[in-house]
Amino acid sequence: MPRPALSALVLLLIASLGPAAAPPRGRGAPSLAEWAKTQEARYAYGMYFKTREGWARCGWIVEETKLGKHDGKDVMIVLSETYTKTAFDGEPSVKSEKSKTCFALTGDGVIIYAESTKTEDGQTTFRKAEPSAMGLKITTRQEKKGGRELTRDVAMVKDNLKERRALDVWLSGARKKGDRFDSYSLSWEDQDGDRLQAYVYKDQKRALVGGVEATVLLLQLVEDGGKMDAEVLPDGKLLKAEMGGIVMMKLEKESEAKKLAAKVVDLMDTSSVFVDKDLGRGRNVVGLKLEVTGLGEYKIPTSHRQKYTPGEKGKPGVLELKEDFRVKEAEPLGKQDRAKYLEATPRIQCDAAAIRDLARRIIGKAPNDLSKIRLLAKWVYRNLRKSYSANADTALEVLDNKAGDCTEHALLFTALCRAVGIPTREVGGLAFVSGSRPLFGWHAWAEAHDGHQWVSVDPTWDELYVDATHIRMSEGNRDLAWVNVAGSIRLKVLDFTKK
């Protein structure tokens, strides 16, 4: 099972809005430096996960904006610190990150320096962005013995003070329901260094804020299909945000925000979808019919092995699944899709010599792509230690650690396949787990195209052609639409068949 990335948009919302104050309302627009002065503030937020007993604080975020200097130049500095302490299936997990971003106070107020130090379960990754001839040079270094250092150049990113100021003006101006504002933040993982978020105005209300009645904007932040509902003051101060009915953050005194719940939240229990029938060993299930509720606007993908029929007049929908199989008619990839699923990215480093050489050794003289896929999946299954605490952001990190959960297994498998010319994509969704309480947990696997069709592969559980309990709901690590239903989806077993 993967670690749920349910807090990702929460952190991005903070980074995009940040602490803010209303801009001066003088005769002329204030200069960038004058506007930046109004942004100086420090705020703290408690981060909560939904449990059966209610909301439990399991982390915190502190954001500070101030004026300062970098290399002798006047800048606006945005500091951020986050900390979470949770568990997953009983295995503890502690994550922290400190970041610093310096914006120029001239021109568009571009980023002239940024850095981030992230530690997950004892593994630390340091990143920095500095000016280059192209725009920015991004360096990633693993802080461990023999750790790798990787660099890449990107054009100047769209996250700048001009855009942040425009968001500030939009928030404090007149809007109508459905109005949208597009904003960007610096992304360490994305190919071009940009990450897009859309702010959609839903409504507003009057509420007591600090004992004073005030107007509160009701916004929805949309990123890669993921949606977060937020309450924001017109001056940009974030009060509360919630997504998927399972993760929430709210503005609190810093001392209060850092008081975590006495009982560590186990995300396996929090995020899983429990069912009333035990299907036994999932890999033996060849056919499955489920009643589905709680999807809202989310649409389950369909394929030759997965069919969803919506219910009529508010009744539950029905999802029918089959163990994956060889289709009769070939479904070749187009040139554009083939290029897309062979591409090297900062995360899927299929062009790295270590990954290319390993993939070639594994496949040897395999006669066809299906045989190569089988060999690569088997190698990942046998050589990666199963662990929820060996977190990694890139395929090279997974290869260095030789450990991880399903996320790392799918990531390394995808990179190895692409390295030998096999189009491959990471996918995710729900899969059945038998235990003291039968459940469907969030899981990641992959699909590789062998020239005939997309072949589903689960390198964590050693399955080529996955069983009927694999419910595909997303593609790639940036497809976040599933998060919207993480806390609301309900499944009921109607029927199933086994080998």
**OP:** Run the quick spin-label model on residue 207 and residue 126: label points 7 Å from Cα toward the beta carbon, then report their separation in nm to one decimal.
**Re:** 4.1 nm
Original post:
How many angstrom separate the Cα center of the range 270-298 from the Cα center of the range 337-407?
Top reply: 29 Å
Subject >> Hypothetical label at residue 291: residues of the range 481-495 whose amide nitrogen lies under 15 Å (7 Å Cα-Cβ projection) >> reply: 490-495
Original post:
To the nearest 10 degrees, how steep is helix 353-363 against the longest Cα principal axis of the chain, on a 0 to 90 scale?
Top reply: 20 degrees
Original post:
To the nearest 10 degrees, how steeply does helix 8-17 sit against the main Cα axis of the chain, on a 0 to 90 scale?
Top reply: 20 degrees
Original post:
Against the longest principal axis of the chain, how steep is helix 369-383, in degrees 0 to 90 to the nearest 10, with axes from Cα atoms?
Top reply: 70 degrees
Subject >> Rough spin-label spacing in nm, given labels placed 7 Å along Cα→Cβ, for residue 180 and residue 166 >> reply: 1.5 nm
Subject >> Phi to ³J(HN,Hα) by Karplus 6.51 cos²θ - 1.76 cosθ + 1.60 over the range 190-199, Hz, x for Gly, Pro >> reply: 6, 4, 9, x, 10, 10, 8, 10, 10, 9
Subject >> Under 12 Å from residue 277, Cα to Cα: aspartates and glutamates that are on another chain or at least 8 residues apart >> reply: 495
**OP:** Note the listed values (1) 50, 24, 19; (2) 40, 28, 21; (3) 42, 24, 22, then indicate which one is semi-axes √(5λ) of the Cα gyration tensor in Å calculated from this particular structure.
**Re:** (2)
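What does the extension gain come out to for residue 79 and residue 385, with contour length at 0.36 nm per residue minus their alpha carbon separation? Don't jump to the answer; show the numbers that get you there.
On the way: separation 306, 0.36 × 306 = 110.16 nm, distance 3.58 nm.
Net length gain for the segment: 106.6 nm.
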Original post:
Across 10 Å bins from 0, what is the distribution of all Cα-Cα pair distances for the range 8-265, in whole percents?
Top reply: 7, 28, 36, 22, 6, 1
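For an R0 of 30 angstrom, estimate the FRET efficiency from the Cβ-Cβ distance between residue 214 and residue 40 and round to the nearest 0.05.
Numbers: r = 21 Å, r/R0 = 0.69.
The calculated FRET efficiency here is 0.90.
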Subject >> Sites residue 312 and residue 91, calculated FRET efficiency, Cβ-Cβ separation with R0 45 Å, nearest 0.05 >> reply: 0.55
Subject >> Helix-only mean residue ellipticity at 222 nm for the chain, each DSSP H run of n ≥ 4 adding -39500 (n - 2.57), per residue, nearest 500 >> reply: -5000 deg cm²/dmol
Original post:
Using 7 Å Cα-to-Cβ label points, what is the residue 360/residue 278 separation (nm, one decimal)?
Top reply: 5.0 nm
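Rule-based calculations on the coordinates, nothing more; no lab input. Please read all numbers here as calculations on a predicted model, not as lab measurements. All Cβ positions, glycine included, derive from the backbone under ideal geometry; neighbour counts span all protein chains shown.
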